[in-house]
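Worksheet for the structure shown next.
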Amino acid sequence: MENDLTFVCISDTHCQNVPLPPGDVLIHCGDFTKKGSKEEILAFIQWLIKQPFKYKIVIAGNHDLSLDKESYQSKLKEYHHKGLNFNDEELRQTLKDNCIYLLNSSVVIEGIKIWGSPYSLEFHTWAFQLKSEDAEVFWSQIEEDSDIIVTHGPPLNHGDQANIQGQLKNVGDEALLKRVFINQTQIPSFWSYS
């Protein structure tokens, strides 16, 4: 790598157009919408287009409901108008046309390999949920030569405290923590629910 890259990492913007510091790579770690409607996703894309970054990497989060086809069809439609069926493939393609959209996949940017996934441990009835008993097998797909791992949910004991019914609890993923240490990534990027 000839030049240094400046990374700007954000998450949980929930339809807010936040001002960003300058940088080369923007990473959005999910929850760019409130409930994942087509209108919210398209508004996010319009905001994203205006951002002056050389690279824009995006993963979905648990609020980006209609991008999770399986969960959306089986249990999440109730959050939207009954009978309305969003075409998640069309929305995903629109995202891909305007950024690097990672869905359990990776990209190499100027010699840096970035792997990203929207999945996180079960947290109410939201999108991209992972059962804790399936987590170890799921996270084994993280490519071992990844330099940066981008997830919506954090590993255990790393920025994972959440207020659950008035008590602070660690809600991070132990299996993800183990996998991160196996990879020994240089710059892991995580976000927790707030």
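Yes or no, residue by residue, for (1) at pLDDT below 85; (2) over 13 Å from the mean Cα position of the chain (by Cα):
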position: 52; (1), (2): no, yes
position: 62; (1), (2): no, no
position: 69; (1), (2): yes, yes
position: 86; (1), (2): yes, yes
position: 100; (1), (2): no, no
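Can you name every residue in region 1-60 that is β-branched (Val, Ile, Thr), farther than 23 Å from residue 111 by Cα and not in a loop (DSSP other than H, G, I, E, B)? Reasoning before the result, please.
Quick first cut of region 1-60, residues β-branched (Val, Ile, Thr) only: 6, 8, 10, 13, 18, 25, 27, 33, 41, 45, 49, 57-59.
Keeping just the survivors that are farther than 23 Å from residue 111 by Cα gives 13, 18, 33, 41, 45, 49.
Across region 1-60, the qualifying residues are 41, 45, 49.
Under 7 Å by Cβ, and 6 or more places apart or on different chains, what pairs join a residue from region 127-155 that is closer than 14 Å to residue 179 by Cα and touching a residue at least 12 places away in the same chain (Cβ under 8 Å) with one that is acidic (Asp, Glu) and surrounded by 13 or more Cβ atoms within 10 Å (Cβ to Cβ)?
Final answer for the pair search is 135/173; 153/173; 154/160; 155/173.
What number of residues in region 137-159 are surrounded by 21 or more Cβ atoms within 10 Å (Cβ to Cβ) and under 17 Å from residue 171 (Cβ atoms)?
6
Quick one: is residue 134 modelled with pLDDT of 85 or more, surrounded by fewer than 17 Cβ atoms within 10 Å (Cβ to Cβ) and under 30 Å from residue 163 (Cβ atoms)?
For residue 134, the condition - modelled with pLDDT of 85 or more, surrounded by fewer than 17 Cβ atoms within 10 Å (Cβ to Cβ) and under 30 Å from residue 163 (Cβ atoms) - is met.
The rows are residues; the columns are (1) crowded, with 17+ Cβ neighbours inside 10 Å; (2) within 20 Å of residue 159 (Cβ to Cβ); (3) in contact with a Ser or Thr (Cβ under 6 Å, 6 or more places away or on another chain).
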site: 28; (1), (2), (3): yes, yes, no
site: 34; (1), (2), (3): no, no, no
site: 39; (1), (2), (3): no, no, no
site: 48; (1), (2), (3): yes, no, no
site: 51; (1), (2), (3): no, no, no
site: 63; (1), (2), (3): yes, yes, yes
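Could you list all residues from region 109-127 that are in a loop (DSSP other than H, G, I, E, B) and touching a His at 6+ places or on another chain (Cβ under 9 Å)?
Those that are in a loop (DSSP other than H, G, I, E, B) and touching a His at 6+ places or on another chain (Cβ under 9 Å): 118, 119, 126, 127.
Given the conditions (1) surrounded by 14 or more Cβ atoms within 10 Å (Cβ to Cβ); (2) modelled with pLDDT under 95, and given that residue 124 satisfies all but one, which numbered condition is not satisfied?
Looking at each condition in turn, residue 124 falls short on (1).
The values are calculated or read from the model by the stated rules, or taken from the named source; none is laboratory data. The structure presented is a predicted model; accordingly, all values stated were derived computationally and were not measured. Positions of Cβ are backbone-derived with ideal geometry, glycine not excepted, and every protein chain shown enters the neighbour counts.
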